[in-house]
1. Can you tell me how many residues in the range 173-210 are under 19 Å from residue 133 (Cα atoms) and charged (D, E, K, R)?
2. Filter the range 238-256 down to the residues that are loosely packed, with under 15 Cβ neighbours inside 10 Å and under 18 Å from residue 269 (Cα atoms) and list them by number.
3. Mind listing whichever residues of the range 155-181 are open to solvent by 30 Å² or more (accessible area, probe 1.4 Å) and part of a loop (DSSP other than H, G, I, E, B)?
4. Kindly provide the set of residues from the range 114-146 that are in a helix (DSSP H, G or I), without any contact (Cβ under 8 Å) to a residue 40 or more places away in the chain and among the polar types (S, T, N, Q), ordered by number.
5. Select from the range 23-78 the residues that are out of contact with any strand residue (DSSP E or B) (no Cβ under 9 Å at 6 or more places or on another chain), hydrophobic (A, V, I, L, M, F, W, C) and open to solvent by 30 Å² or more (accessible area, probe 1.4 Å) and write down the one among them that is nearest to residue 217 (Cα to Cα).
6. All but one of (1) surrounded by fewer than 19 Cβ atoms within 10 Å (Cβ to Cβ); (2) out of contact with any strand residue (DSSP E or B) (no Cβ under 8 Å at 6 or more places or on another chain) hold for residue 148; state the number of the condition that does not hold.
7. So which helices (runs of 4 or more DSSP H) are wholly in the range 1-98 and hold at least 2 residues that are farther than 20 Å from residue 215 by Cβ and modelled with pLDDT of 95 or more?
8. Answer with yes or no whether residue 117 is hydroxyl-bearing (Ser, Thr, Tyr), within 15 Å of residue 168 (Cβ to Cβ) and open to solvent by 10 Å² or more (accessible area, probe 1.4 Å).
Amino acid sequence: MTAASTAPTRTYSGVIPPVITPRTSEGEIDTASLERVVDHLIDGGVSGLFVLGSSGEVPYLTNDERELVMTTISARNNGRVPLLAGASEQTTNRVINEGLRMVELGADALVVTTPFYALSNAAEIEAHFRAVKKATGLDLFAYDVPVRTHAKLPLDVAIRLAEDGVIVGVKDSSGDDVACRRLLLATAHIEGFCVFTGHEVVVDGALLGGAHGVVPGLGNVDPAGYRRMFDAAAAGDWPAVRAEQDRLANLFEIAFTPDSNRVSGGASGLGSFKTALVLLGIIETNTMSVPMASLNEDESQAIAAILRQAGLL
């Protein structure tokens, strides 16, 4: 057999953006805009949709809003691509309840962080993922995002969970490239297991190191660009990968246009994605969830200039 014929298959790969949550100018969930976002992403070649992630402003959504977002996306998607749903709560039983609700609403897989607010150790983190898997039975991704949870997913825990089939993948937003590479090497032999990078501007390096895809917030704005990069990597065309990544890195400058004296760090990135989508005619407003500030006209014009440079306007 050739090396290719014996390589493990990957259930999930490619570009799976964390879908933004548009709001009306009155602050309600804008379902019509959300449907257009879904079409924009799928038309751009994404391999799946990550619903209720950080870019979807999930901590700010009420339970009713989360349900509305999930049902709207599920109906518009209509089975075209897999739906990965975030089950984001502080502790295990709350995650299980949320996960079961997402299953009922059409999730194909769940994305779960380490516990937050609660002060956990490695043993509790491992028990957390095992309990969620046992209770829900759905494909489970570990979302490693210590900037949000203040707890890094321990490497040995991730490897054991992968080997035991508890998790089918990791979305790595840790910023720890060494740990990510070690995870890729340690799990390369596991059938179906995948590692996605959540960092928009270093996807080329992650793919070269063996990552199976990307979960880019910026993918809301330019899904086709990330798809081109992923396809070029699959073809081994690394000069094309770098050129596309350079273009996307320049596009990511939109996240640095807001005035940091007025707009929080979290609202800057999400607000820039929404503002770009307004300029592209996909959503109606760039309204943010309370208490985050929305971007203003000067910031919008700066983003428009970057979109033009990237060939999107």
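The values are calculated or read from the model by the stated rules, or taken from the named source; none is laboratory data. Nothing here was measured: the structure is a model prediction, and the numbers come from that model. All Cβ positions, even for glycine, are placed from backbone atoms using ideal geometry, and neighbour counts span all protein chains on display. Heads up: the accessible areas ignore ligands, DNA and RNA and are worked out on the full protein's heavy atoms, side chains in. Shrake-Rupley method; radii C 1.70, N 1.55, O 1.52, S 1.80 Å.
1. 1
2. The answer is 250, 256.
3. Here is the first cut: in the range 155-181, the residues open to solvent by 30 Å² or more (accessible area, probe 1.4 Å) are 155-156, 159-160, 163-165, 175-178, 181.
Of everything in the range 155-181, those that are open to solvent by 30 Å² or more (accessible area, probe 1.4 Å) and part of a loop (DSSP other than H, G, I, E, B) turn out to be 164, 165, 175, 176.
4. Here is the first cut: in the range 114-146, the residues in a helix (DSSP H, G or I) are 122-136, 146.
With the extra rule that they be without any contact (Cβ under 8 Å) to a residue 40 or more places away in the chain, the set shrinks to 122-131, 133-135, 146.
Hits for the range 114-146: nothing passes.
5. Across the range 23-78, the extreme among qualifying residues is 32.
6. All conditions pass for residue 148, except number (2).
7. On the way: elements: 3-6, 31-43, 63-77.
Output list reads 31-43, 63-77.
8. Numbers: hydroxyl-bearing (Ser, Thr, Tyr): yes; within 15 Å of residue 168 (Cβ to Cβ): no; open to solvent by 10 Å² or more (accessible area, probe 1.4 Å): yes.
The answer is no for residue 117.
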